[in-house]
Amino acid sequence: QVQLVESGGGLVQPGGSLRLSCAASGSISNIYRMGWYRQAPGKQRELVAVISSGGTTVYADSVEGRFTVSRDNAKKTVSLQMNSLKPEDTAVYYCNARHPLLSVYDFWGQGTQVTVSS
């Protein structure tokens, strides 16, 4: 019903910047919470940033002040601007769309690799 496709991952040096984008298609509604999660090798998947339909944001403490999540409801996209990147940010980043009330409507993209050299 909903498809999410991430793009923008790649290799960047510490201190550099990268912008991830997620394009949504299908029956997704603008009421969905949109977010970014990441998973490093041997680690659990963790929240990076989430943005509500109204623009309210939540960030992981580890990225607060460095990352910015935004959404464009007209284009059905969500972006993650990542600045001052650290090696610890290296992970596969996943786009997520979740209905605020109906948990069955919870969709994930295939992920995009972000590697910060050290």
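In percent, how large is the relative contact order of the chain, given Cα pairs closer than 8 Å and 6 or more residues apart?
36 percent
By how many nm would the segment from Gln113 to Ile31 lengthen if fully extended, with 0.36 nm per residue of separation less the alpha-carbon distance?
Computed gain between Gln113 and Ile31 is 26.8 nm.
Could you give the dipole magnitude of the chain about its Cα centre, charging the beta-carbon of Lys and Arg +1 and that of Asp and Glu -1, in debye to the nearest 20?
Taking the Cα centre of the chain as origin, the dipole is about 180 debye.
Tell me the GluC sites (Glu not before Pro) within the stretch 1-108 that lie in a loop according to DSSP and have at most 15 other beta-carbon atoms within 10 Å.
Values: sites: Glu6, Glu46, Glu64, Glu88; in loops: Glu64.
Sparse-neighbourhood loop GluC sites (Glu not before Pro): Glu64.
Which whole-number percentage describes the relative contact order of the stretch 64-118, with Cα contacts under 8 Å and a sequence gap of 6 or more?
In percent, rounded to a whole number, it is 30.
Calculate what fraction, in whole %, of the accessible area of the stretch 44-112 sits on carbon and sulfur atoms when a 1.4 Å probe is rolled over the protein chains.
49 percent
Taking only protein heavy atoms and a 1.4 Å probe, what accessible area per residue, in Å², does the chain have with all protein chains in place?
That works out to 52 Å² per residue.
Give me the number: length gained by fully extending Ser7 to Lys75, i.e. 0.36 nm times residue separation minus the C-alpha to C-alpha distance, one decimal in nm. It would help to have the intermediate numbers written out before the result.
Details: separation 68, 0.36 × 68 = 24.48 nm, distance 1.50 nm.
So the chain would gain 23.0 nm between Ser7 and Lys75.
If you stretched the chain out fully between Arg98 and Asn83, how much longer would it get, using 0.36 nm times the residue separation minus the C-alpha to C-alpha distance?
Gain on stretching Arg98 to Asn83: 2.8 nm.
Under a cut-off of 26 Å between alpha-carbon atoms, report the lysines in cross-link reach of Lys86, not counting same-chain residues fewer than 8 places apart.
Lys86 reaches Lys43.
The values are calculated or read from the model by the stated rules, or taken from the named source; none is laboratory data. As the structure is a prediction and not an experimental result, all values here were calculated from the model. Glycine gets a Cβ as well: all are built from the backbone with ideal geometry, and neighbour counts include every protein chain shown. We work out accessible area using only protein heavy atoms, side chains counted, and drop any ligands, DNA or RNA first. Shrake-Rupley method; radii C 1.70, N 1.55, O 1.52, S 1.80 Å.
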